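All remarks here apply to the structure that follows.
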Amino acid sequence: MSLFAVAIDGPAGSGKSSVSKQAARELGWGYLDTGAAYRALTWAVQHLDGFDLEALAEINLPEVFEYDISTDPDNYWVRVGERDLTEAIRSTEVAEAVSSVARIPAVRSYMKWLTRSIVEGCGEPGIIVEGRDITTVVLPDAPIRLLLTASEEVRLRRRSAEIGAAETSQVQKQVSQRDASDAKVVDFMNPADGVTLIDSSDLNFEQTVAAVLEQIAAATKKD
């Protein structure tokens, strides 16, 4: 890999997206939200002719799924073809269906290829890539691999604030279902060998960003 890549995994509400984006911003690096691709493909299944769960295992996704995403942390957008889906992929409708799409082996294989292609085309000296299987499957050889987590109570509180939900029970159900479903495919709750655990339960946002930057600084200093 021609640029310095940082792989970050973690469960819902761990803060991996906002922390990764801010760390990339402070470093002047690229940032990649890999979950956006799964969400965009889910949106395509729900809205575009020729896309359905049965077809995903058979169709040539690189040829028919025209996906593009910004790796600029200050100018984030997601597109499928000419459609800007930056906001649409965050809908409840997509969130409730994305795990069904993500479980398909052919989709996961395609996403691995897609993520690596986007990373290679980043154009910055480094990139922070976050998701659920980045440290173990997508970028297992990244010089820095981190698992960012927090207690369930903290994660639920953060996710409630993030989506503006008043009902904690509603958020708990959504987060628990998503984590349980995705955990059947990949373990993003426990660090694999060589992966550094950062528990942000007792850290605020700035402190968590600092912890990530500290790991990056230590690794780049060695190089």
Exercise. Would you point out the residue of region 40-54, among those that are surrounded by fewer than 22 Cβ atoms within 10 Å (Cβ to Cβ), assigned to a helix (DSSP H, G or I) and not polar (S, T, N, Q), that is modelled with the lowest pLDDT?
Key: Glu54
Exercise. Evaluate the following for Val19: is it more than 21 Å from Val107 (Cβ to Cβ), at pLDDT 95 or above, part of a helix (DSSP H, G or I) and touching a Ser or Thr at 6+ places or on another chain (Cβ under 9 Å)?
Key: yes
Practice problem: Among the residues of region 188-209, write down those that are over 18 Å from the mean Cα position of the chain (by Cα) and either of a type in the set (D, E, K, R) or surrounded by 15 or more Cβ atoms within 10 Å (Cβ to Cβ) (or both). | Solution: Asp193, Asp202, Leu203, Glu206
Quiz item: Going by the structure shown, is Arg116 at pLDDT 95 or above, part of a strand (DSSP E or B) and not acidic (Asp, Glu)?
Solution: no
Quiz item: Among the residues of region 100-114, is any surrounded by fewer than 20 Cβ atoms within 10 Å (Cβ to Cβ), hydrophobic (A, V, I, L, M, F, W, C) and in contact with a Leu (Cβ under 7 Å, 6 or more places away or on another chain)?
Solution: yes
Quiz item: Scanning for something free of Cβ contacts under 8 Å to residues at least 24 places away in the same chain and either assigned to a strand (DSSP E or B) or under 22 Å from Asp133 (Cα atoms) (or both), does region 101-111 turn up at least one residue?
Solution: yes
Exercise. Select from region 69-89 the residues that are under 23 Å from Val138 (Cα atoms) and in contact (Cβ under 8 Å) with a residue 12 or more places away in the chain and list them in ascending order.
Key: Ile69, Thr71, Asp72, Pro73, Tyr76, Val78, Arg79, Val80, Ile89
Practice problem: List every residue pair whose Cβ atoms sit under 7 Å apart, with the two residues 6 or more apart in sequence or on different chains, where the first one lies in region 136-152 and is farther than 17 Å from Met189 by Cα and small (Gly, Ala, Ser) and the second, anywhere, is at pLDDT 95 or above and surrounded by 21 or more Cβ atoms within 10 Å (Cβ to Cβ). | Solution: Ala142/Ala5; Ala142/Val6; Ala142/Ala7
Quiz prompt | Unmet requirement for Asp68, which otherwise passes all of (1) buried (at least 17 other Cβ atoms within 10 Å of the Cβ); (2) out of contact with any Ser or Thr (no Cβ under 6 Å at 6 or more places or on another chain); (3) modelled with pLDDT of 95 or more | solution = (1)
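The values are calculated or read from the model by the stated rules, or taken from the named source; none is laboratory data. Remember, it's a predicted structure, so these values are computed and weren't measured experimentally. Here the Cβ is made from the backbone with ideal geometry for all residues, glycine too, and neighbour counts use every protein chain on show.
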